[in-house]
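Heads up: the structure comes next, in structure tokens.
What follows draws every value from the coordinates through simple rules; no lab data is involved. This is a predicted model, so every value here is computed, not measured. Every residue, glycine among them, receives a Cβ derived from its backbone with ideal geometry; neighbour counts consider all protein chains shown.
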Amino acid sequence: MLITRKKFLQIFSGSIAGFALSNLWLPKLLQAANVKNGKGRLPIVWFQGQNCSGCPVSFVNTEYPSADEVLIEVITLEYLPTIMGGTGDVAVDILERMITDEKGKFILAIDGSIPVDSDGNYCNVGEINGKSITALKWIQALSSAAGAVVAIGTCATWGGIPAAPPNPTKAKAVRDIVKDKPVINIPGCPPHPDWIVGTLVHVLKYGIPTLDDLNRPVIFFGPDKIVHDNCELRQYFDAGIFAKDFGQKGCLYELGCKGPVTHCDAPVRGWNSGVNWCNRSGGPCLGCTEPTFPGGTGSGFYEKLPAVQVPGLSEINANANTIGIALGGAVGAAIAGHAIARAVSAKKLKQKSKQNSDVENSDKVMEQSNTQKEGK
Amino acid sequence: MAETIVIDPLTRIEGHLKIEIKVENGKVVDALSSGEMFRGIEIILRDRSPEDAPMIVQRICGVCPQVHGTGSVYALDDAFKVTPPKNARIIRNLMLGANFLQSHILHFYLLSALDFVDITAILQYKGMDSKLIKVKEWVKADIDAGKKDAGAPFLPRYEGDYYIKDTDLNIHGISSYLKAIEIRRKCQEMLAIFGGKMPHCQTLVGGGVACVPTLDKIIAFRSRLSEIKTFIEKTYIPDVIAVAKLYPDYFTIGKGVGNFMSYGGFPENETQSQWLLPQGLLIDGKTEKFNPDKIAEFVKYSRYSSGTGLNPYKGETVPDYNKEGAYSWLKSPRYDNKVIEVGPLARILIAYLNKSNKDINSLVDSALNTLGVAPDALISTLGRHAARALEAKILADRMENWLDDLDPNGPVHTKYTVPKKSKGKGLTEGPRGSLGHWITIDNYRISNYQAVVPTTWNGSPKDDNGVPGPFEQALIGTPVADIKNPIEPARVIRSFDPCLACAVHVIDVEENKIYKFKL
């Protein structure tokens, strides 16, 4: 595509404004998008960095509302390479129009990480004046023009797979690139469609959802959403029954389950229209919603979490709170019964109030168990 | 005078692809295809536990993660020296089959249909279908309000005399598109019944699978499969035939190289010596037995300064961003020095000539009969779409039998210990063609990992003899009516179902960084 130098500069030299994470931007955005009383649609530009397309595929898996309902009633999807009609210059024209003509009137959604090594040339999207444009440049220009930014998936929220050691391309998360705008983080590899659609509907109808300190909506990733605490295999953990090989009955802790240190509501929501979820399937939780995913070389997916006490094997230490309430002395399955279950519930309730700080502890445990990611 | 057109980004594919074509007298005379993204997943795998590989490599591609997971667990079985139980072989087949169905249906409707179906025909809809009425009102309201983005993300598009004219057919196409969204979701559900979740399943492990095929799962799988099968038979295949009848030119456009390969897909026995989709080659019109030693990778036009013409076992990857004459991050894999196309068309042609499966031959014969074309017409843009649809039916039929063969009380996993030192390879077929994973284990960790993937074969640049790759050969000769709206080359390339995220592997644009792979 050929454009004038003036326009080129206009697109790619958006100024960095002051940044405040607040609901203040929302009324402006909604007003610009003609949304009144929650009626209308959110204009979305969905840009893709270093991705695998798993995020848009998961988004299209949405059941209620269906994908077409979302496109018709919740959002106006201006740009998403995986499904859009336009290609080549037709697609680039849309990005150009959003940057120059639609300032502050759209939400920028991004899946995939952003490589900054080699001037960003590890990921190029489209050409202008015969020159390839890097994903980094596009995201700087688009985020500067956007009313708000949503990072979708673990690559966009924390760096994910491309940023895993040794981070060959210096892949960055959106929050490392976009500093002048609030970034809502919807992690997951991929995120559940309900997390994506639910967050967008919340913005449209009720404003920005409550976010945790990592800017994740607490309705999906809150401190009460620790996988281990809501796991249907929890009874096995409490009874000290552990699967020693794949396909065996029991808690998946010994097979490497990262549920004790992972925040998401998959255990109660279920995946793919609720037919299954990770631990129910027998494949242990990989911790895919956490900044530590996929971990460094020291913490294999199937290696036991360190620093977690197992029921019956020793006294509960402080860290045991982070994996829920371990049962002292209950080694065998036969001991587990209603009385014990009730005792657990009571104990659990009592300790629930401590949970917030426990969650932080659990993150620390996970962090210690991993090699620090490069380039973060 | 020749004019150069760049289509970048080529959307409705997987990953970031740039196509550069030279057009003279309304026809493509030269073509270059370039991958535009790199993540370095093989580098990330190094020093991790070998057991992690199936979960990491699925993230190469979110459209067809299952095939990478499957190639990876085959490589682990080989390296760990374990034979998974029968249940595990079948569950792996069922999950991969579900991913094929999802991918094929997604490809025809969500990725390709908008090149043919005129979405604006919805404004003429007069029927009673509530979904279609909703779509019509949506587009109409936005047009009436003078919105620039009316019909987004389906509009804007290439404009011209390109789309189906018959209103009823277009509306049927839109209705099929909407149905396809739902059906492909059910394919994902079907996979998740054994896999835990999709994209990126949880249960593929070396030595077998982590899930137990309980009766409730078998029933839930079978019920969805039956609905999906009906969609393939009553909607998908007839829709492909309808497009073929309206665009017969595309039986001659995009023919490509005409040499084909299949590693063999969906093992029917524990030793992996028989497959539902057989192993073999079709070169210069003759079938051949597959010999992995004949694979070599050339790099004259690739951005690598390392040795050329090497077998992947001895492959080196020394990147050189500024190498003169190089234009792609893809290497040029060749079989016996020949350019090879892989994918559903390759598998169907090889199976058809192999004649080992009567059902496949009679299905292909009946499709050819309906289309009124000879078997060699399949080597074309439309042939690729047709082969994909027929393969979906062959798979769905066979998956019903595999469900019968599951033993709810049988084992699903053979226990292994990770060896201190070993290596293994996993060859399989994916929705887009032949896929190989190679792993080397040293001191209980991955010391080397390499994947040679379908789009590297199909999207490869010229080899050392200057012979263009399959995409490029298929593009040459393609008519282009309007260089501002070059829909024809986009149709040709999309028929291959490119996956660029898969195709670009170990590269690094800094000259001082060198990655070597010896397998």
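Note on A:73-84: average number of Cβ atoms from other chains within 10 Å of each residue's Cβ is 6.
The packing ranking, built from the mean of other Cβ atoms within 10 Å per residue, places the peptides A:245-252, B:166-173 in the order A:245-252, B:166-173, highest first. Proximity of backbone amide H atoms, modeled 1.01 Å from N, is registered between A:THR82 and B:ARG12 at under 5 Å, excluding neighbours fewer than 5 places apart on the same chain. The listed peptides A:176-183, B:101-108, ordered by packing as a protection proxy, come out as B:101-108, A:176-183 (highest mean of other Cβ atoms within 10 Å first). The string of couplings for the stretch B:105-110 from the Karplus curve (6.51, -1.76, 1.60, θ = phi - 60°) is 5, 4, 5, 5, 8, 6 Hz, one whole number per residue in order, with x for Gly and Pro.
Each residue, B:LEU403 and B:GLU24, gets one label point 7 Å from its Cα in the Cβ direction; the gap between the two is 5.7 nm. Residues in the stretch B:227-235 carry Karplus couplings, in order, of 5, 5, 4, 4, 4, 4, 6, 9, 10 Hz; the curve used is 6.51 cos²θ - 1.76 cosθ + 1.60 with θ = phi - 60°, and Gly or Pro positions show x. Cα centroid separation, the stretch B:76-102 to the stretch B:176-250: 17 Å. Take every DSSP beta bridge whose two residues both sit in the stretch A:5-221; close to 30 percent of them are antiparallel.
Would chain B count as rounded, prolate or oblate if I go by the C-alpha gyration tensor, calling it rounded below 1.5 in a/c and otherwise prolate when a/b exceeds b/c, oblate otherwise? Oblate.
Across peptide B:179-186, the mean count of Cβ atoms from other chains lying within 10 Å of each residue's own Cβ comes to 4. Counting Cβ atoms of other protein chains within 10 Å of each Cβ in B:57-67 and taking the mean gives 5. In order along the stretch A:113-128, the phi-based Karplus estimate (6.51 cos²θ - 1.76 cosθ + 1.60, θ = phi - 60°) of 3J(HN,Hα) comes to 8, 10, x, 10, 5, 6, 6, x, 6, 6, 9, 10, 9, x, 10, 10 Hz; Gly and Pro are listed as x. Amide hydrogen proximity for B:VAL23: with H placed 1.01 Å from N in the peptide plane, the residues at 5 or more positions away or on another chain lying under 5 Å are B:GLU3, B:THR4, B:ILE5, B:VAL29.
Distances between placed amide hydrogens fall under 5 Å for A:TRP277 paired with A:TRP271, all partners being 5 or more residues away or on another chain. Highest average first, the peptides B:250-261, B:189-200, B:479-490 ordered by how many other beta carbon atoms sit within 10 Å of their residues are B:189-200, B:250-261, B:479-490.
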